[in-house]
1. Output yes when any residue across region 13-28 is open to solvent by 30 Å² or more (accessible area, probe 1.4 Å) and within 15 Å of ligand 1 (Cβ to nearest atom), and no when none is.
2. Taking interchain pairs and intrachain pairs at least six residues apart, which have beta carbon atoms under 7 angstrom, with the first residue in region 278-304 and in the same structural domain as LEU97 (by TED's automatic domain parsing) and the second surrounded by fewer than 18 Cβ atoms within 10 Å (Cβ to Cβ) and of a type outside the set (Asp, Glu)?
3. Among what's in region 46-56 and is open to solvent by 20 Å² or more (accessible area, probe 1.4 Å) and touching a strand residue (DSSP E or B) at 6+ places or on another chain (Cβ under 9 Å), pick the residue that is nearest to ILE283 (Cα to Cα).
4. Kindly provide the set of residues from region 48-69 that are free of Cβ contacts under 8 Å to residues at least 60 places away in the same chain and closer than 20 Å to GLU28 by Cα, ordered by number.
5. Examine region 307-326 for a residue that is of a type outside the set (A, V, I, L, M, F, W, C), closer than 24 Å to ARG156 by Cα and either more than 16 Å from ligand 1 (Cβ to nearest atom) or in contact (Cβ under 8 Å) with a residue 60 or more places away in the chain (or both), and state whether such a residue exists.
6. Can you say whether GLN258 is in the same structural domain as LYS284 (by TED's automatic domain parsing), part of a helix (DSSP H, G or I) and farther than 16 Å from LEU321 by Cβ, as far as the supplied structure shows?
7. Could you tell me which residue of region 259-286 is farthest from ligand 2 (Cβ to nearest atom), considering only residues that are touching a strand residue (DSSP E or B) at 6+ places or on another chain (Cβ under 7 Å) and more than 25 Å from ASP198 (Cβ to Cβ)?
8. How about region 57-175: which strands (runs of 3 or more DSSP E) wholly inside it have at least 3 residues that are of a type in the set (A, V, I, L, M, F, W, C), in contact with a strand residue (DSSP E or B) (Cβ under 7 Å, 6 or more places away or on another chain) and under 26 Å from PHE187 (Cα atoms)?
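The values are calculated or read from the model by the stated rules, or taken from the named source; none is laboratory data. Being a predicted model, the structure only gives us computed values, none of them experimental. All Cβ positions, glycine included, derive from the backbone under ideal geometry; neighbour counts span all protein chains shown. To get the accessible areas, we keep the full protein, side chains included, count just its heavy atoms, and leave off ligands, DNA and RNA. Shrake-Rupley method; radii C 1.70, N 1.55, O 1.52, S 1.80 Å.
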Amino acid sequence: MKTIHLGAGNIGRGFIAPILKQDPAIGEIKFLDVNPEVINLIKTQKKYIVKELAEKDNEILIKNISANLLDDILKAKIDDYLLDAKIITISIGQPNLRFLIKNFEYISDLLIKNNKEMLILCCENGNRVSSYFKKLLIENKINVLPFHFVDVVVDRIVPNQERDSLNVQVEKYFSWIVDEEQWPSNFTKIKTIVYSKDLDSEINKKICLLNGVHSALSWHRYAIDKFQIPILQDALKFNETKNYFDNLTSELVIIIAQQYNFEIKYLKEYISSIWKRFNNPKIKDEMSRIARNPITKMQKNERILNPLFFAASKGLKFEYLSQAFNDLLNYHFSEDKEAVELSNYISVHGKLKAVLNYVKELNNQEIEVIKKIIN
Ligand SMILES: NC(=O)c1ccc[n+]([C@@H]2O[C@H](COP(=O)([O-])OP(=O)(O)OC[C@H]3O[C@@H](n4cnc5c(N)ncnc54)[C@H](O)[C@@H]3O)[C@@H](O)[C@H]2O)c1
Ligand SMILES: O=P(O)(O)OC[C@@H](O)[C@@H](O)[C@H](O)[C@H](O)CO
């Protein structure tokens, strides 16, 4: 089976491709990206190595791959491939999905003309991002009939890589879970994916406990030293930062257990595994990667405000989540476009107006909570 992956970056090359390739039914993978350098490298080298970093490293050769620039879709250069492919996976960062509208209009027309259909899996960190992408296409008047949108939760830490090589270093751990009910019966299941009937719990467990804590740690460290210690694994050696991790996760475990019906003991074990993964001595994860895109991450269905509002509504403690939200608002890193936009807005209008401007669909109760926690 041919597939297409949009976004030939860390997660595309280091997670999606090797996991798809573990299923013998998967044939060629075509990468599409807006970055000509990575596309040219794939075109010339036609293979690369994924190195899993663990006590004993493991190398996986990825071959039978091809690549095109994203806009080759609009130039009708890959029509035949699009008509053969059954699945499009995407990992370009949720804020970039809006740039794909024209391409999906083209793909939709092509599939309709040829009476074909296709699965779309947005492998992004966020809440039901494939469904969000469907909504975005519909709002832009794209006919989504030929597409089946399947929500997913993906988990593997893939740090930023050397820019001049296709090879990727990743942690050994991975998990890829999809919504079983959205997977159409006429599409063969991929063997290396897990199918769940309760995806919302899985998404929020991972987004709040792993990504939420990850981002909170990075914004916290920015508040302390503006990333003078740029690597997470080095920052975690400080007792102060370990204490922050412990306090934040103790608070979150109680919230997530109640919100998504998990056993506390199970979540505590999950947190221990996350601490080990964050401390993998072979991985050098840049804090600026983990902290990226604060406007995307401050939304109410995202990693901080979702558990914070739940805690506020149930009378649970949310002291460290409040601190995380304040650290987010104070995150002014000049190389992050969203951080710059947010901090510019805050410097003119103040924090409360910034939250009201950027966080979509806040109700009155939530606004009152925000007023209390902003400092
Ligand atoms: N890295 C991880 O540990 C990890 C783990 C799980 C999920 N994710 C998800 O994957 C996303 C991407 O993360 P990453 O670490 O791979 O980032 P990355 O920057 O390494 O890769 C993103 C790629 O997308 C490309 N891109 C950007 N805009 C595009 C567009 N409009 N069309 C086509 N390609 C475009 C970029 O050129 C880049 O090659 C994250 O935002 C997150 O949602 C990442
Ligand atoms: O990719 P983001 O920006 O949503 O979040 C940064 C990290 O928390 C994230 O990439 C993790 O490394 C990954 O989600 C682990 O599965």
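1. no
2. So the pair list comes out empty.
3. Ranking the qualifying residues of region 46-56, first place goes to ALA54.
4. GLU59, ILE60, LEU61, ILE62, LYS63, ASN64, ILE65, SER66, ALA67, ASN68, LEU69
5. Initially, region 307-326 is screened for residues of a type outside the set (A, V, I, L, M, F, W, C), giving 307, 313-315, 317, 319-320, 322-323, 326.
Narrowing the set further to residues that are closer than 24 Å to ARG156 by Cα leaves 307.
Remaining after also requiring either more than 16 Å from ligand 1 (Cβ to nearest atom) or in contact (Cβ under 8 Å) with a residue 60 or more places away in the chain (or both): 307.
For region 307-326, residues of a type outside the set (A, V, I, L, M, F, W, C), closer than 24 Å to ARG156 by Cα and either more than 16 Å from ligand 1 (Cβ to nearest atom) or in contact (Cβ under 8 Å) with a residue 60 or more places away in the chain (or both): present.
6. So GLN258 fails the test.
7. The extreme case among them is LYS282.
8. Values: elements: 58-62, 65-69, 87-90, 118-122, 147-149, 152-155, 168-171.
Of the strands (runs of 3 or more DSSP E) lying wholly inside region 57-175, those with at least 3 residues that are of a type in the set (A, V, I, L, M, F, W, C), in contact with a strand residue (DSSP E or B) (Cβ under 7 Å, 6 or more places away or on another chain) and under 26 Å from PHE187 (Cα atoms) span 87-90, 118-122, 152-155.
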